[in-house]
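Heads up, the thing below is written out as structure tokens.
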Amino acid sequence: MSAADALATAPAAPRGRFLSAVVPAAQRRDLAELTDRLDLTSGEVGAKRSAFWAMLVLSGIIAVSGVVTDSTATVIGAMIIAPLSTPILGFGLGIVTGRGRLVGRSALYVLGGLALVVAIGWLVALVLPETSQVVSNSQVTGRTSPGVGDLVAAFATGFAGSIALARRDLGDVLPGIAIAISLVPPLGVVGVCLGAGEPALAAGALLLFGSNVVALVVASTVVFTGAGYASDAAQARQDAGGRRRPRRAVLVGALAVVVVALPMAANTAQSVLADVWAGQVRAAAEAWLADTPGADVEDVTWQGTTDVVVEVRGPGDVPDVAALQSAVNELVPWDPEVTVVHTVGERVEG
């Protein structure tokens, strides 16, 4: 019996009580069925590949269009049809089942998809007559400074997606999961920001994509292992006369996770510190406006990861920004450039 035949006929492995409740045996997909859904190089390979690349190109075009027009509805449409989660979850399945080739092939699909969508965004940015407004709209700014909340949401979505794929009765929730995990839109933002000459913003969006990929891989590894697929694969290999616990795929997968997880952890720490520094900058801005009647600090936000924007509302002129810049330089280690956005008018309380 070949290893492939053994995988298809291997009995379900015993599982813990918790995973048995989350992925009931009556609804659990067998390993061969799950592999067919996540391995783009098995089964009807031509159909799978054409569907993947066609949907990826279209989702990339839709995502970039939504980014440059600041349309949330359009971006959501791109999320629904984006196929990148398939090779990412396939990467996790390859780690769990010890299949180095599946890990490698899935990684190539992810990297190829990354390059394609970034190229689409870059080309669109090059032909735009004005990019300064694009890189400051909500679709860009919301994806260039990922924080702890984005990481938590990505892990929750990864667990939900992995459980839905492991069960036959949860296919209806997959579109919602596709909306919740942000894969193609951040890559569109990377391309647009690179085309607009904003590499710092592009790096932030790329980090968001990377953190989402890591969350999906880690979550799928946990769920698929707990659901018994690792034991299924090991038993199948033993029945086929192969090694029971191949380690190469596990090492490759673990290394890839670590490589992406390190900057993600650094960004999480930076996000926490950025919140602290934003509060300190706000206090400094309020002190800077203390002698200006009717002037208030509306908001303090980071532009990318390096510059700070202070929004001020007041009926008259504001003090010299150089004084605020000096105060901020004493608070923040990298001396961020301070931009004051002044709206003329008085606050009206309802």
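The values are calculated or read from the model by the stated rules, or taken from the named source; none is laboratory data. This one's a predicted model, so the numbers in the text were calculated from it and none came from an experiment. Glycine also receives a Cβ, built like all others from the backbone with ideal geometry; neighbour counts cover every protein chain displayed. The accessibility values were calculated without ligands, DNA or RNA, using every heavy atom of the protein model including side chains. Shrake-Rupley method; radii C 1.70, N 1.55, O 1.52, S 1.80 Å.
Computed values, structure above
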| item | result |
| --- | --- |
| Test: residue in the range 121-130 that is small (Gly, Ala, Ser), at pLDDT 90 or above, out of contact with any strand residue (DSSP E or B) (no Cβ under 7 Å at 6 or more places or on another chain) and open to solvent by 30 Å² or more (accessible area, probe 1.4 Å) | no |
| Flag if Ala51 is of a type in the set (A, V, I, L, M, F, W, C) and surrounded by fewer than 16 Cβ atoms within 10 Å (Cβ to Cβ) | yes |
| The listed residue being in a helix (DSSP H, G or I), at pLDDT 85 or above and either in contact with a strand residue (DSSP E or B) (Cβ under 8 Å, 6 or more places away or on another chain) or crowded, with 24+ Cβ neighbours inside 10 Å (or both), out of Gly112, Gly104, Gly161 | Gly161 |
| Inter-residue pairs, beta-carbon under 9 Å, first of a type outside the set (Asp, Glu) and in the range 112-132, second loosely packed, with under 14 Cβ neighbours inside 10 Å, 6+ apart | Ala125/Gly197; Thr131/Gly197 |
| Ser145, sole failed condition from (1) free of Cβ contacts under 8 Å to residues at least 40 places away in the same chain; (2) not in a helix (DSSP H, G or I) | (1) |
| Meets criteria (at pLDDT 90 or above, crowded, with 16+ Cβ neighbours inside 10 Å and outside any helix (DSSP H, G or I)) for Leu40 | yes |
| Ser145, sole failed condition from (1) surrounded by fewer than 22 Cβ atoms within 10 Å (Cβ to Cβ); (2) over 17 Å from Val184 (Cα atoms) | (2) |
| Checking Phe91 against (1) surrounded by fewer than 22 Cβ atoms within 10 Å (Cβ to Cβ); (2) among the aromatic types (Phe, Trp, Tyr); (3) modelled with pLDDT of 90 or more, the condition it does not meet | (1) |
| Entirely in the range 170-242, the helices (runs of 4 or more DSSP H) that have 2 or more residues that are closer than 27 Å to Ala266 by Cβ, open to solvent by 10 Å² or more (accessible area, probe 1.4 Å) and of a type outside the set (Asp, Glu) | 184-195, 199-226 |
| Subset of the range 302-320 (residues that are crowded, with 16+ Cβ neighbours inside 10 Å and within 38 Å of the chain's Cα centre (by Cα)) | Trp302, Gln303, Gly304, Thr305, Val308, Val309, Val310, Glu311, Val312, Arg313 |
| Search result, residues across the range 281-300 that are at negative phi and in contact with a Lys or Arg (Cβ under 9 Å, 6 or more places away or on another chain) | Ala295, Asp296, Val297, Glu298, Asp299, Val300 |
